[in-house]
Amino acid sequence: MWLLLIAFNALFIGAGVYLVQNSYYELGAILFIASFLIDLFIINPRAYPYRYTIPALIFLLLLVVYPICFTIKTAFTNYGTGHIFTRQEAVERLLYDPNYTYAESEEAIGFKVFSVFEDSKPTDDFILLFDINGELYLGDVPSPSKQRGKEILLREGKTYKVTSEEVSVDGKVFKLSPFPESLENINMIVSADKEYKSLYALDDPALQKNAYHFIMLVQKYLANAEYLNQDQGKIIGIRVDTDGKWKFFFVERLYRLAYREIEEDGKVSQKMVIVNTRTNEPLIEDKGSFYDIDENGNQVFLIGYTAWVGLENFLRIFTDKRISGPFMNIFVWTIMWSLFSVLLSFLIGLVFALALNNERLRGRNVYRTLLIIPWAVPYFISVLTWKNGILNETYGILNKIILPFLGLDPVKWFNDQYWAKLACIIVNTWLTFPYMMTISLGALQSIPDELYEVAAIDGAGKWQNFRHITFPLLLTVVAPLLISSFAFTFNNFTLIYLLNSGGPPMVGATTPAGHTDILISYVYKLAFEGRGQEFGFASAISVIIFVLVGGISLLNFKISGAFEEIRNE
Amino acid sequence: MIEKRRPFLTHIILWILIPVILFPIIWIVSTSIRRDEAIFSTKLFSSRVSLQNYRDLIAPEKNIPALVQEMQSLILRTSPYDSWEEKRLKEVLLEDIEAFKGYLQETRDRYERAQSSFDNINLALSSRSNNIKEEVLVSLRELKEYLEKNVPVEESNEENLKIVLYQLLYPESYNSKLFIYLKEDLEKVSDYHINSPEDYEKALSALEKTYQISLGSLKTELAQLEKKLEENSRNYGIARTEYEKIEEEILSISQILNSEVKSEITSLLEELKAVEIIKNTENKLVSLSKDISPGAFAPPSLEVLNLLIENLSKYPDFYELSNSLREISSYLASYEETAEGNLASPYLVLENLYIETSPLLIRLEKNVNDIQEAEKNLIALKEENTLLKNQQELLREGIKKVEETLIPATRAEQVQIFIKKIEEQIAGIEEVTKFEELVSYCVSITKDLLNFVTSYIMDFGEDNLSSQIEATTNKLSWFNDYSTFSDRFNKFSKNLDTPLEKSNSLISDFEKKWADLLRASLNGEKVSVRELDELYNIIKTDYVNMVGSNISVVSRKAGDLMDTIPYRELKKDLNSVDKELFRINQIWTQKTKHYFLRWVKNSIVVAGVAALITTFVCSLAAYPFSRMRFWGRKYGILAMLLIQMFPSAVYMIAVYSLLNLLGKFIPLLGLDTLTGLTFIYLGNIAYNVYLIKGYYDTIPSSLEESAMIDGATRFQTFYKIVIPLALPILTVVVILTFMNIFNEFVFARIILQDAKNYTYAIGLWTFSSGPYQTEWGLFTAAALLGMLPMTVLFLSLQKYIVSGLTKGAVKG
């Protein structure tokens, strides 16, 4: 039991430390909090009741609290396409990624690849032989030296000078044969138990049949590898030459770390910066991006990372005209859509509820069950049916059969913005009126009969009954539910996305906005469907939704008296 | 009394409304069992039903294309067969070949059955050929009688009739059909007995008089008018070009005057002005006047100048020019007055100017006169044109009016012609003995009827007469269907043999060879199987083009015939033809690939596992809230509920990047994995805790207390006493969570990418878009399969769902 706890702690804290090191601060903090709470609950006997809630707590923290924190944080960053990495990752890439190197000279280094063959098929066990200015060097399989997760950023290999027939590499002896000979003629290298046969060389026509395997080796091991040549103090790397073939060159890294004196706020301080090795100028770092200066003095974007941008995402909504226009449209439509859907479905539901709330009506349970079916059918199935079968502009039975039958023209249910909006409201009303009917029915049944009896004595008519007794009493019960329905409809992503994907698209918007998009589907499009993934901006809108929905919910709790209910328990 | 009637009315209204409201559901059910391609059909429902869509979804059959593809893969040993052993490969290949042969045999059997049903139909129809003939005749005669009775003859106005007849007949010769049809009327109207072409001519000329009086004269007048109009417009065109020519010339002259001449004049004027200045400085005046030698033409020049001014000032275009000249003249005049002597140089210039300008001016004058003439001419022509047009309009209106008065007569004659046509057809049919001939006759009759009725409706609008004809057309329309049906069936039966024979020989060739091929393939050689390639070609092109297309038409027509044919007893055979052919098509056509079962399985696994874990976690967490006292007990659940009020869809980005991050370290929890998706679904806790806690509260705690007295620990009492007692609510929670997750779309959509990993929700979504969009059968069947259990579960757990929504309604 205690061992389990220790192991658990070790896992959580270890992971937490790792995450914090790699700048995933929120998740790390969540893990720390979780392990602290768990320890507290288990060690402290007075916290016994909490022990039962541990699993629930973990899931809640990880899957609800963390995402909320993450969203709020992301809203203040530029996270998105071009700014995916953390700063550290971006720096590592600049320092190690083979993309950021240059060939020192255009002269390629002669090389030959040897591989162990199994059943006359080459394997991944290989050795390289370089010919540098007439001297032979042996190169081993490069081993990973920089990793991030499962991704290998950099591999490093070593070269060993061939001075005699036998070369010793980390205690293993490799024997070249025939020897001494030039690179072309050496065709076998024998180590203790393995035979390496020649696999590939650039100019050897007999070996070209293995070119495919060689390219596979390049992609697997060599593309991100660096060989250090001690004698010359230079790095050898493989690059695609101008003729499209992979060749080895002496390469040099474009960027390195250096200490520079930086003037900041009038103070001069020593600071670690990234320097371009050719120009010896530090890189410019601005708003989560690294820029280099090219020969013409222009800033060239190198790599971006996730950085704080403060309120910029929120300001963009209001200041950038091409965004604020669509955003306001979407915002207004979101509210209209929620309002009309809820009111319309409530109205229809109420009418049915009043009809069914008649004890003389026989078989009203059957009617009720039949009328509930639109609600009972899984949501997405109904929406897809409406979209594909009924409203489809060319095949849909409404346009193809029913409207012509009534002598009406086909309607652009998806491509005309007003009809598309109407279609959304119709479908949503169809889906939700049974819910409204059910809650109204419940509320109607809770109205005591005595009230009507008293009213009958006073000579009230049917309409007066409804106007002065039924409706006000109904509303007190139903109002909170209507509000929460409003909040639900406000975020009804599934319907909007499945029915029309928010189409038809708005003209002239820089972001992927459509006329029937509501805020949440707009967030989705920004994050997953636009030209780039604008997570930061999308999160900012999510936060706005948070605030709105949270406000509505709190208001709702106040109205429904949920606080009192709990307090009185 | 009113109280009692109301529920009755409510019943009626509900009975009308409920089918309308549930229409999408009805549509799903009816479309899923349709045998035809519902998406292209113009009918809402179809009587041709089958469960084929369900079979395709649940147990897709290895039909002929699938078999060929599988054999191909088996021989070539592509994945997943590359890891199979030889024995297994052989077994499956043998099975496939047998199955293939079985399908060929089945095709033949079914074809024979279809053929015999088809023969039955033909036989049955031929045997009652006479009856059918009689029936056709009866309905045609009925129509004829009806038409004769209801011909809107306008006896009162014989003139109109005459006109109409003349219009119809004058382009026709004596032997034409139209004349034969209308002979009777013609004789009646014209009082001639027409026995020869001469009589015909005479009768026509008699009619012509009447025609000429009303319509004919108008028409000739119109023709004349039109001729005049044509001439007028031709003249207008000529006049126009003339006018333009003159206009051009004037323009060129005025351009010369306004540019070249004007510049000369301006420079002269400037010179004179300069002289004026000099004149004012007296001294130099003498020296200037010395240079000026006396000329002979001083006074006349001024006259010339004035003439020029006069001529020019006629045209407003040269206003500036004449003004400048006027200025010059005033200068010169002033010199004269002061008698300063002659100013030779300006006069010289003026002289030249005059010589230069006067021919231009003469031409201009002539041209201007000409253009005025031309303009007058043009205007006159135009006026004539409008006049003529007005007349034409009037005439046309007159003709239209006359023609309108003729409509009843025209209609009568049209119907008359039509009656004669029908008579002819009837006569033709009466002589028919063979059924085939009858069919072709009826097909042409229905075509005629249809043509007539459409043109009739276009000219005279819909009325009883047209609907009567339409009714007869509908009665006879099955002949059309039948003719296409039998036509296509014959084509199909002719075309079926070749692919069948070919396939048969190919498969027996393959049967001889496959063992060798497989061995070679197992030895690592690259083999190609010619027979299978050819077979695939036959299926993909020969069958589809020659057989499949015919089958679909035959099937459709069989379905139509079932509704339209008046002989119910043939329905069985028609149905059999349809059924057999449908099956043949199912055997031979390639099916679209899908992973429906896998999707359902994915959904069930994900939702099931997540539901079980969630319930377990929640049952634990709910216990202390029900039984113990601790800090946070009051607000704990409320706080959780509040946190979960935030719709989960809002933090999809967070969830996406959480899985992205986790996937780097624990691949099992990465993006595009079902385990990752399951993990994401575990966050749904607050409401379930609330629900379970409520149930725990109803379990009396005395049971636990007594157990604890017996020495049980708290935890033991929990899982030995509370959990078993709370099983009902736990089941409900499992089912509810299961349903919620089964119906979830957003997260599944962003997390899953590979089609094999899709859940049912995403899978169904792909059925409604892209290549599957038109396969309504598959879509609706899949929808119904998913919908049915969920709906039943929902309806049975209504109570909990409603209370759940009233508590945590905001949760998305």
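Out of (1) at the interface with another protein chain (Cβ under 10 Å from one of its Cβ atoms); (2) surrounded by fewer than 19 Cβ atoms within 10 Å (Cβ to Cβ), what's the single condition that is false for B:Tyr54?
Going through (1) at the interface with another protein chain (Cβ under 10 Å from one of its Cβ atoms); (2) surrounded by fewer than 19 Cβ atoms within 10 Å (Cβ to Cβ) one by one, B:Tyr54 breaks only (1).
Out of B:Glu95, B:Glu112, report the one residue that is farther than 30 Å from B:Tyr760 by Cα, more than 14 Å from chain A (Cβ to nearest Cβ) and over 42 Å from the mean Cα position of the chain (by Cα).
Values: B:Glu112 fails: over 42 Å from the mean Cα position of the chain (by Cα).
The match here is B:Glu95.
For region B:477-533: of the residues being outside any helix (DSSP H, G or I) and among the aliphatic types (A, V, I, L, M), which is surrounded by the fewest Cβ atoms within 10 Å (Cβ to Cβ)? Talk me through it step by step, then tell me what you get.
Applying the first criterion (outside any helix (DSSP H, G or I)) to region B:477-533 yields B:523-529.
Now drop any that are not among the aliphatic types (A, V, I, L, M), which leaves B:527, B:529.
Working: B:Val527: 15, B:Val529: 21.
For region B:477-533, the residue satisfying everything is B:Val527.
Where residues in region B:749-804 are at the interface with chain A (Cβ under 9 Å from one of its Cβ atoms) and without any contact (Cβ under 8 Å) to a residue 12 or more places away in the chain, which of them is nearest to the chain's Cα centre (by Cα)?
Out of the qualifying residues, it is B:Gln773.
Hey, among A:Phe490, A:Phe471, A:Phe486, which residue is among the aromatic types (Phe, Trp, Tyr) and away from every other protein chain (no Cβ under 14 Å)? Please lay out each step first, then the result.
Details: A:Phe490 fails: away from every other protein chain (no Cβ under 14 Å); A:Phe486 fails: away from every other protein chain (no Cβ under 14 Å).
None of the others qualify; the one that does is A:Phe471.
Any residue in region A:495-502 that is in the same structural domain as A:Asn388 (by TED's automatic domain parsing), in contact (Cβ under 8 Å) with a residue 40 or more places away in the chain, of a type in the set (Ser, Thr, Tyr) and out of contact with any strand residue (DSSP E or B) (no Cβ under 9 Å at 6 or more places or on another chain)? Spell out the reasoning first.
The first filter runs over region A:495-502 and keeps only residues in the same structural domain as A:Asn388 (by TED's automatic domain parsing), leaving A:495-502.
In the following step, the residues that additionally are in contact (Cβ under 8 Å) with a residue 40 or more places away in the chain were identified as A:495-496, A:498-500.
After this cut, where a residue has to be of a type in the set (Ser, Thr, Tyr) as well, the list is none.
Within region A:495-502, none of the residues are in the same structural domain as A:Asn388 (by TED's automatic domain parsing), in contact (Cβ under 8 Å) with a residue 40 or more places away in the chain, of a type in the set (Ser, Thr, Tyr) and out of contact with any strand residue (DSSP E or B) (no Cβ under 9 Å at 6 or more places or on another chain).
Looking at A:Asn388, A:Asn392, which one is more than 7 Å from every other protein chain (Cβ to nearest Cβ) and within 17 Å of A:Leu422 (Cα to Cα)?
A:Asn392 is the lone residue from the list that is more than 7 Å from every other protein chain (Cβ to nearest Cβ) and within 17 Å of A:Leu422 (Cα to Cα).
Would a scan of region B:14-30 turn up a residue that is more than 9 Å from every other protein chain (Cβ to nearest Cβ) and outside any helix (DSSP H, G or I)?
The answer is no; no qualifying residue exists.
Name the single residue that is nearest to the chain's Cα centre (by Cα) among those in region A:229-245 being part of a strand (DSSP E or B) and closer than 17 Å to A:Leu136 by Cβ. Spell out how you get there, then give the answer.
Here is the first cut: in region A:229-245, the ones part of a strand (DSSP E or B) are A:229, A:234-240.
From what is left, the residues that are closer than 17 Å to A:Leu136 by Cβ are A:229, A:234, A:236.
On the way: A:Asn229: 42, A:Lys234: 41, A:Ile236: 37 Å.
Only one residue tops the list, namely A:Ile236.
From the residues in region A:289-333 that are surrounded by fewer than 18 Cβ atoms within 10 Å (Cβ to Cβ) and of a type in the set (Ser, Thr, Tyr), which one is nearest to A:Ala538 (Cα to Cα)?
My answer is A:Ser324.
Scanning for something more than 14 Å from chain A (Cβ to nearest Cβ) and under 30 Å from B:Ala686 (Cα atoms), does region B:526-544 turn up at least one residue?
First, pick out the residues of region B:526-544 that are more than 14 Å from chain A (Cβ to nearest Cβ): B:526-544.
Filter again for under 30 Å from B:Ala686 (Cα atoms), leaving none.
Checking region B:526-544: not a single residue is more than 14 Å from chain A (Cβ to nearest Cβ) and under 30 Å from B:Ala686 (Cα atoms).
Out of the residues in region B:630-657 meeting the condition of being outside any helix (DSSP H, G or I) and within 8 Å of another protein chain (Cβ to nearest Cβ), tell me which one is farthest from B:Ile680 (Cα to Cα).
Just the residues of region B:630-657 that are outside any helix (DSSP H, G or I), to begin with: B:630-632, B:646-647.
Then keep just the ones that are within 8 Å of another protein chain (Cβ to nearest Cβ); that gives B:630, B:646-647.
On the way: B:Phe630: 30, B:Phe646: 15, B:Pro647: 14 Å.
Only one residue fits best here, namely B:Phe630.
Residue by residue through region A:31-86, note down the ones that are within 12 Å of chain B (Cβ to nearest Cβ), hydrophobic (A, V, I, L, M, F, W, C) and touching a residue at least 24 places away in the same chain (Cβ under 8 Å).
A:Ile58, A:Leu61, A:Leu62, A:Val65, A:Ile68, A:Cys69, A:Phe70, A:Ile72, A:Ala75, A:Ile84
Anything in region B:590-611 that is modelled with pLDDT of 85 or more and either more than 25 Å from B:Ala755 (Cα to Cα) or outside any helix (DSSP H, G or I) (or both)? List them, or say none.
At the first step, the residues of region B:590-611 found to be modelled with pLDDT of 85 or more are B:595-611.
Across region B:590-611, the qualifying residue is only B:Tyr595.
Would it be correct to say that B:Glu198 is under 28 Å from B:Lys376 (Cα atoms) and of a type in the set (Asp, Glu)? Spell out the reasoning first.
On the way: under 28 Å from B:Lys376 (Cα atoms): no; of a type in the set (Asp, Glu): yes.
Answer is no for this residue.
For region B:562-572, which positions are touching a residue at least 24 places away in the same chain (Cβ under 8 Å) and under 11 Å from B:Ser47 (Cβ atoms)?
B:Met562, B:Asp563 - these are the residues of region B:562-572 that are touching a residue at least 24 places away in the same chain (Cβ under 8 Å) and under 11 Å from B:Ser47 (Cβ atoms).
(1) surrounded by 15 or more Cβ atoms within 10 Å (Cβ to Cβ); (2) among the charged types (D, E, K, R); (3) under 36 Å from the mean Cα position of the chain (by Cα): which one isn't true of A:Asp286, the others all being true?
Going through (1) surrounded by 15 or more Cβ atoms within 10 Å (Cβ to Cβ); (2) among the charged types (D, E, K, R); (3) under 36 Å from the mean Cα position of the chain (by Cα) one by one, A:Asp286 breaks only (1).
Which one of these does A:Phe248 not meet: (1) among the hydrophobic types (A, V, I, L, M, F, W, C); (2) touching a residue at least 40 places away in the same chain (Cβ under 8 Å); (3) in a strand (DSSP E or B); (4) outside the structural domain of A:Tyr212 (by TED's automatic domain parsing)?
Tallying (1) among the hydrophobic types (A, V, I, L, M, F, W, C); (2) touching a residue at least 40 places away in the same chain (Cβ under 8 Å); (3) in a strand (DSSP E or B); (4) outside the structural domain of A:Tyr212 (by TED's automatic domain parsing), A:Phe248 fails exactly one: (4).
Of all residues in region B:658-689, which are more than 9 Å from chain A (Cβ to nearest Cβ), within 28 Å of B:Leu638 (Cβ to Cβ) and at pLDDT below 85?
Hit for region B:658-689 is B:Tyr687, nothing else.
What pairs can you find where one residue is in region B:350-378 and assigned by TED's automatic domain parsing to the domain that holds B:Glu264, the other is among the small types (Gly, Ala, Ser), and their Cβ atoms are less than 6 Å apart, with a gap of 6+ or different chains?
Filtered contacts from region B:350-378: B:Leu350/B:Ser301; B:Asn377/B:Ala239; B:Leu378/B:Ala239.
The values are calculated or read from the model by the stated rules, or taken from the named source; none is laboratory data. Just so it is clear, the structure is predicted and the values come from calculations on it, not from any experiment. Positions of Cβ are generated from backbone atoms using ideal geometry, with glycine treated the same way; all protein chains shown enter the neighbour counts.
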